[in-house]
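Trainee: One structure, as structure tokens, below. Some questions next.
The values are calculated or read from the model by the stated rules, or taken from the named source; none is laboratory data. Bear in mind the structure is a predicted one, so any value in this text is a computation, not a measurement. Every residue, glycine among them, receives a Cβ derived from its backbone with ideal geometry; neighbour counts consider all protein chains shown. Only protein heavy atoms, including side chains, enter the accessible area calculation; ligands, DNA and RNA are left aside. Shrake-Rupley method; radii C 1.70, N 1.55, O 1.52, S 1.80 Å.
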Amino acid sequence: MAESHCTTQKMYKRHILSLSGGKDSTALALYMRDKVPEMEYVFCDTGEELQETYAYLERIEAHLGKPIIRLNPERPFKHYLDVYRGVLPDPRTRWCTRMLKLKPFEKYVGDDPVSLYVGIRADEPHRTGYVSTKPNITTCFPFVKVGMRYKDIMRILRDSGLGLPDYYKWRSRSGCYFCFFQQRREWVGLLENHKELFEKAAAFEKFDPETGESFTWVQGESLSDIADPKRITEIKKKHTERMIRASQGSIDPDAPLLDVFSDDDEDQGGCLICHL
Ligand code: SF4
């Protein structure tokens with residue numbers, strides 16, 4: 001029988017932990033491994049993930065000693081992009097999360113009473129995102145419940161020997177290679193680490209001459225603007241300045257990597273199923 005880590009005492013038929021390929025959900029999987037042996041580990045694979053994510057999932061499986069079930073959308077991203085008439089998803093519409101991640105996840109869950117384990121930490125109470133509205137899914141936040149913070153999550157990953165996924169060298173979030181939540185510095189990272197994916201993402205951007213509308217991944221700037229060497233230098237300079245401020249203590253050294261990376265004054269956050 002599973003230990004209850006939920007805020008409710010209801011009994012659940014199934015326990016599910018959705019991995020994003022990011023550090024928090026991975027640390028939670030390691031943390032819960034022996035507490036809920038019957039846990040089902042799933043990964044909602046958009047088909048647009050980085051190869052580093054797939055490699056990390058294989059390493060996680062080895063640590064868990066259990067397979068991670070891959071859930072796939074009914075149709076690929078490009079199909080839905082055509083359905084949405086070429087309008088790229090953004091933090092407000094986020095149709096990609098719904099079509100590529102949530103629908104396959106909810107289909108997999110079905111109507112069983114399920115306890116869903118989510119890796120939000122105690123030091124990010126502001127974080128919001130997907131909490132299923134399906135009445136049979138109850139969401140649990142074990143790290144919040146036991147007060148585990150960024151440094152605790154990093155310790156779990158370090159002590160297990162698993163570490164961080166390789167993309168953390170240049171990117172702070174899991175998710176699709178073209179994710180619009182990326183900071184400009186991360187787009188530059190994509191260009192430098194996966195030029196072909198950067199170009200693929202750029203090819204989705206459009207200018208509609210009839211309406212004068214531009215559909216770009218980054219607000220007010222196209223990826224070809226970002227790829228300009230002068231612009232790359234500016235973006236890197238701004239990022240370096242931010243890192244220096246972080247090292248001098250004007251940014252909380254315990255801050256999530258995401259906040260240290262952020263090149264926007266108002267970071268819009270990610271979504272729980274994609275970015276934990
Ligand atoms: S990772 Fe980003 S682009 Fe991919 S489904 Fe999630 S929000 Fe959309």
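Trainee: Looking only at the range 200-220, count how many residues are out of contact with any Ser or Thr (no Cβ under 8 Å at 6 or more places or on another chain), surrounded by 11 or more Cβ atoms within 10 Å (Cβ to Cβ) and in a helix (DSSP H, G or I).
Mentor: Count: 3.
Trainee: Take Lys101 and tell me if it is touching a strand residue (DSSP E or B) at 6+ places or on another chain (Cβ under 8 Å) and either open to solvent by less than 10 Å² (accessible area, probe 1.4 Å) or in a helix (DSSP H, G or I) (or both).
Mentor: yes
Trainee: Being modelled with pLDDT of 95 or more, outside any helix (DSSP H, G or I), more than 24 Å from Tyr168 (Cβ to Cβ) and away from the ligand (no atom under 11 Å from the Cβ) is the filter here; which residues of the range 70-98 pass it?
Mentor: Matches in the range 70-98: Asn72, Glu74, Arg75, Pro76.
Trainee: For Ala122, work out the one condition from (1) within 14 Å of Leu28 (Cα to Cα); (2) in a helix (DSSP H, G or I); (3) open to solvent by 10 Å² or more (accessible area, probe 1.4 Å) it doesn't fulfil.
Mentor: (2)
Trainee: Please give the helices (runs of 4 or more DSSP H) falling wholly within the range 221-276 in which 1 or more residues are at pLDDT below 90 and surrounded by 11 or more Cβ atoms within 10 Å (Cβ to Cβ).
Mentor: Details: elements: 223-226, 229-247, 257-261, 272-275.
Qualifying helices (runs of 4 or more DSSP H): 229-247, 257-261, 272-275.
Trainee: Go through Glu61, Glu49, Glu74 for me and flag whichever is of a type outside the set (Phe, Trp, Tyr) and touching a residue at least 60 places away in the same chain (Cβ under 8 Å).
Mentor: Glu49
Trainee: Another question, if that's okay. What number of residues in the range 159-194 are of a type outside the set (A, V, I, L, M), under 23 Å from Ala62 (Cα atoms) and part of a loop (DSSP other than H, G, I, E, B)?
Mentor: 6
Trainee: Given the criteria more than 14 Å from the ligand (Cβ to nearest atom), in a helix (DSSP H, G or I) and hydrophobic (A, V, I, L, M, F, W, C), does Ile156 qualify?
Mentor: Spelling it out, Ile156 is indeed more than 14 Å from the ligand (Cβ to nearest atom), in a helix (DSSP H, G or I) and hydrophobic (A, V, I, L, M, F, W, C).
Trainee: So, in the range 175-199, exactly how many residues are open to solvent by 50 Å² or more (accessible area, probe 1.4 Å) and either within 13 Å of the ligand (Cβ to nearest atom) or polar (S, T, N, Q) (or both)?
Mentor: 1
Trainee: State which residue is nearest to the ligand (Cβ to nearest atom) when the search covers only the range 159-174 and only residues that are closer than 18 Å to Ser20 by Cα and either among the polar types (S, T, N, Q) or surrounded by fewer than 19 Cβ atoms within 10 Å (Cβ to Cβ) (or both).
Mentor: Checked the range 159-174; the qualifying residue nearest to the ligand (Cβ to nearest atom) is Ser174.
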